[in-house]
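What follows is one structure encoded as structure tokens, with my remarks underneath.
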Amino acid sequence: IFNTPSGKGARTDEGKIRAAAVAHGVPCVTTLPGCLAVVRALEAMVESPVPRVRALQDWMQSVAAQATDGN
């Protein structure tokens, strides 16, 4: 759920929406930066659906290699 409240009435509604989301195990995002982060994460999952776990050293090595390759 993306819910960015404004005004006093919205705050009351926000609490009800958030409570219902929690009760049903549905994520609820209440800020525009948070919504943007969720969208970016979902886009990343489409590109690479299986997350990879790598050591930081391995990741840095691949970043350095890309930098020298010009990619």
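What follows is calculated from the coordinates using simple rules that are stated; it is not laboratory data. Remember, predicted model here, so these are calculated numbers, not experimental data. No Cβ is skipped: glycine too gets one built from the backbone with ideal geometry, and neighbour counts run over all protein chains shown.
One residue alone among Val63, Val50, Val26 is loosely packed, with under 12 Cβ neighbours inside 10 Å, β-branched (Val, Ile, Thr), in a helix (DSSP H, G or I) and over 12 Å from the mean Cα position of the chain (by Cα), and that residue is Val63. With respect to Pro33, determine if the residue is without any contact (Cβ under 8 Å) to a residue 12 or more places away in the chain, part of a helix (DSSP H, G or I) and within 21 Å of the chain's Cα centre (by Cα). Judged against the criteria, Pro33 is a match. For Glu43, are the conditions met, namely being under 21 Å from the mean Cα position of the chain (by Cα), in a helix (DSSP H, G or I), of a type in the set (Asp, Glu) and exposed (fewer than 12 other Cβ atoms within 10 Å of the Cβ)? Yes: the conditions hold for Glu43. Quickly run through region 24-71 and pick out the residues that are within 30 Å of Asp13 (Cα to Cα) and among the acidic types (Asp, Glu). Once the filter is applied, which keeps residues that are within 30 Å of Asp13 (Cα to Cα) and among the acidic types (Asp, Glu), region 24-71 yields only Glu43.
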